[in-house]
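Working notes, structure below.
The values are calculated or read from the model by the stated rules, or taken from the named source; none is laboratory data. Just so it is clear, the structure is predicted and the values come from calculations on it, not from any experiment. Every residue, glycine as well, gets a Cβ built from its backbone with ideal geometry; the counts of neighbours run over all protein chains shown.
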Amino acid sequence: MRSSLKSFKKKRMKGLLFSWPVALLVLVVAYFLASAAFNMYERYQITRSNYEQVKRQLTEAENRRGALEALVAESRSPQGREALLREKFDVAKEGEQVIIIIDSEKKEEVVSEEEGSFWSWLSGMF
């Protein structure tokens, strides 16, 4: 009698575990777990790209800092100050003259003639 009661309970439990409602419940739970894992993966990808971008910005900022520190060190010496003033404001010492070089305008005219129309070419012939 005891063995039949045990086998009855096993069959009942087996029937309950392999029923449609339990299988549906397992599928629903699996769906939510898979969805949560996918969302975490998406967040990981976004965080990783943000990390790479911030790392790149940090490297650029460190490079800029080094350049600025070199510029500050250069500007502390009298020769450096003079060079910076001459470069930035086009100034000269007494007795010197500032020369400003301007590109020739002839180059622009030649380019405009080459790009002329057929009629301008024809009228140029006569």
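Determine the pairs where a residue that is within 30 Å of K93 (Cβ to Cβ), located within segment 54-79, has a partner that is surrounded by 10 or more Cβ atoms within 10 Å (Cβ to Cβ) with Cβ atoms under 6 Å apart, the partner being 6 or more residues away or on another chain.
As it stands, the answer is E74/G80; S75/R81; S75/L84, since those pairs meet every condition given.
This table checks each residue for (1) outside any helix (DSSP H, G or I); (2) within 40 Å of the chain's Cα centre (by Cα); (3) surrounded by 10 or more Cβ atoms within 10 Å (Cβ to Cβ); (4) at pLDDT below 70.
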| site | (1), (2), (3), (4) |
| --- | --- |
| Q79 | no, yes, no, no |
| K88 | no, yes, no, no |
| V91 | yes, no, yes, no |
| I100 | yes, yes, no, no |
| D103 | yes, yes, no, no |
| K107 | no, yes, no, yes |
| E113 | no, no, yes, yes |
| W119 | no, no, no, no |
| S123 | no, no, yes, no |
